[in-house]
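Below: one structure, written as structure tokens.
What follows draws every value from the coordinates through simple rules; no lab data is involved. Keep in mind that what you see is a predicted model, and the values were worked out from it rather than measured. Backbone-built Cβ (ideal geometry, glycine too); neighbour counts: all protein chains shown.
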Number of protein chains: 2
Amino acid sequence: MSGAATAAALDRTFQALADASRRAMIDQLALKPASVSELAKPLALGLPSVVKHLQVLKAAGLVESEKSGRVHTFRMRAGALRGVEAWLQARKRHLHAQFDRLDQLLAEDGETA
Amino acid sequence: MSGAATAAALDRTFQALADASRRAMIDQLALKPASVSELAKPLALGLPSVVKHLQVLKAAGLVESEKSGRVHTFRMRAGALRGVEAWLQARKRHLHAQFDRLDQLLAEDGETA
């Protein structure tokens, strides 16, 4: 993926995660695959809202679906959260380095005081 | 924090991260603190846009600022990304367990085939 494609994909992923109902659906799907009505139940949401949320999650590459007869079953995509994880790990490394430098400066300051 | 407060905070954090310019600003601030104009430079954005993005990052608890004379310096908040990290780790545990069960089922299927 090019930088721009990765950036657009991350935009979509973070956007999809910025909603408590969609995160609750991910929580449920992280445990096991579920149908639309199984996802609607614990959320006390209507089926149309759930379908809309699932479309956002699908467009973000977080979930995938399979049709068996009239039932659509949704599941998490393998590696669904890998993009977010990679992004987070890289920033954490930088942040740790920054706070380590700060600790060092404070320690040096303490020595000369 | 209550569950609802945590949910609203996570909404704001993920929303703040769902923009490539804001993520680029975090990248820069993860290396070292910077002023508004230092943040504007590599992004080729006007100062008003940068200020707007910084307000979103601040409201999400990701950055903080300090005023020295006429210059506002922005820095990452310690533990800024901890909420996202905690959320991600919990889902990963569930997902791993799910894919481990799938591996086991496939292995059992292979044995009986």
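Starting from the Cα of A:LYS32, step 7 Å along the direction of its Cβ; do the same at A:SER68; then give the gap between the two resulting points in nm.
It is 1.2 nm.
So which lysines pass the test for B:LYS58, namely a Cα distance under 23 Å, with those fewer than 8 places away in the same chain ruled out?
Cross-link targets: A:LYS92, B:LYS32, B:LYS41, B:LYS67.
Which order do the peptides B:89-97, A:16-24, B:52-60 take when ranked by the mean count of other beta-carbon atoms within 10 Å per residue, highest first?
A:16-24, B:52-60, B:89-97
List the distances, in nm to one decimal, from the label point of A:GLY3 to the label points of the same position in every other copy, shortest first, placing each label point 7 Å from Cα along the Cα-to-Cβ direction.
Once sorted, the set of distances for A:GLY3 reads 4.3 nm.
Most fluctuating residue of A:VAL50, A:VAL71, A:VAL63 in a GNM of chain A with Cα springs under 10 Å: which is it?
Comparing A:VAL50, A:VAL71, A:VAL63 in the GNM, the peak value goes to A:VAL71.
Taking the Cα centre of chain B as origin, work out the dipole magnitude from +1 charges on Lys and Arg Cβ and -1 charges on Asp and Glu Cβ, in debye rounded to 20.
With only Lys, Arg, Asp and Glu charged at Cβ, the dipole is about 920 debye.
Restricting to DSSP H runs of at least four residues, report the calculated mean residue ellipticity at 222 nm for chain A, -39500 (n - 2.57) per run over all residues, nearest 500 deg cm²/dmol.
It lands at -23000 deg cm²/dmol.
Put a label point 7 Å from Cα along the Cβ direction on A:LEU105, then list its distances to the equivalent points in the other copies in nm, shortest first.
Relative to the other copies, A:LEU105 has label-point distances of 5.4 nm.
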